Amino acid sequence: MSFVIGFPLFIVAPCAIAAWLGTRVRSPLIAFVVTWVMTPLVSYGITVLGTPVLRAITPANNDGTGAIMIPYFGIVTGLIAGIVVAWIVKRRRSEVAQKPDASDQREVNSSGGH
């Protein structure tokens, strides 16, 4: 039961938040770095805020090592999320470069309409 709650809350959510922040930039390298750095930080924040949830889902004999490791897992998951975000930003950037310039269409429409 703890995996069903813990994995989305402490692994998927920080990666999604960091990836969203990473896709707001135009450079794939900056997107990668932002996502990789933000994932453990967001993971740490969610861990601190989610302490009541962690206490509820962990067994009584647990020493808490897993909770301490969550931000460190964020470093590895942030690396993976950073690679994915860099790929998304690079792909988005190449799609924008392939679109025709909107100013060319405006000139055709304005001269053809009069």
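Details
- Residue match in region 39-50 (condition: within 21 Å of Glu95 (Cβ to Cβ), out of contact with any strand residue (DSSP E or B) (no Cβ under 6 Å at 6 or more places or on another chain) and surrounded by 15 or more Cβ atoms within 10 Å (Cβ to Cβ)): no
- Scanning region 17-30 for residues that are part of a helix (DSSP H, G or I) and surrounded by 14 or more Cβ atoms within 10 Å (Cβ to Cβ) turns up Ile17, Ala18, Ala19, Leu21, Gly22, Pro28, Ile30.
- Scanning region 1-16 for residues that are surrounded by fewer than 17 Cβ atoms within 10 Å (Cβ to Cβ) and either in contact with a Gly (Cβ under 7 Å, 6 or more places away or on another chain) or more than 19 Å from Thr58 (Cβ to Cβ) (or both) yields a single hit, Ala16.
- Residue match in region 84-100 (condition: modelled with pLDDT under 85, touching a helix residue (DSSP H, G or I) at 6+ places or on another chain (Cβ under 9 Å), open to solvent by less than 40 Å² (accessible area, probe 1.4 Å) and assigned to a helix (DSSP H, G or I)): no
- The test for being at positive phi and either surrounded by fewer than 13 Cβ atoms within 10 Å (Cβ to Cβ) or of a type outside the set (A, V, I, L, M) (or both) holds for Gly64.
- Some residue of region 72-80 being of a type in the set (Phe, Trp, Tyr) and modelled with pLDDT of 90 or more: no
The values are calculated or read from the model by the stated rules, or taken from the named source; none is laboratory data. Bear in mind the structure is a predicted one, so any value in this text is a computation, not a measurement. Cβ atoms come from the backbone with ideal geometry, glycine included; neighbour counts cover every protein chain shown. Accessible surface is based on the protein model in full, side chains and every heavy atom, while ligands, DNA and RNA are left aside. Shrake-Rupley method; radii C 1.70, N 1.55, O 1.52, S 1.80 Å.
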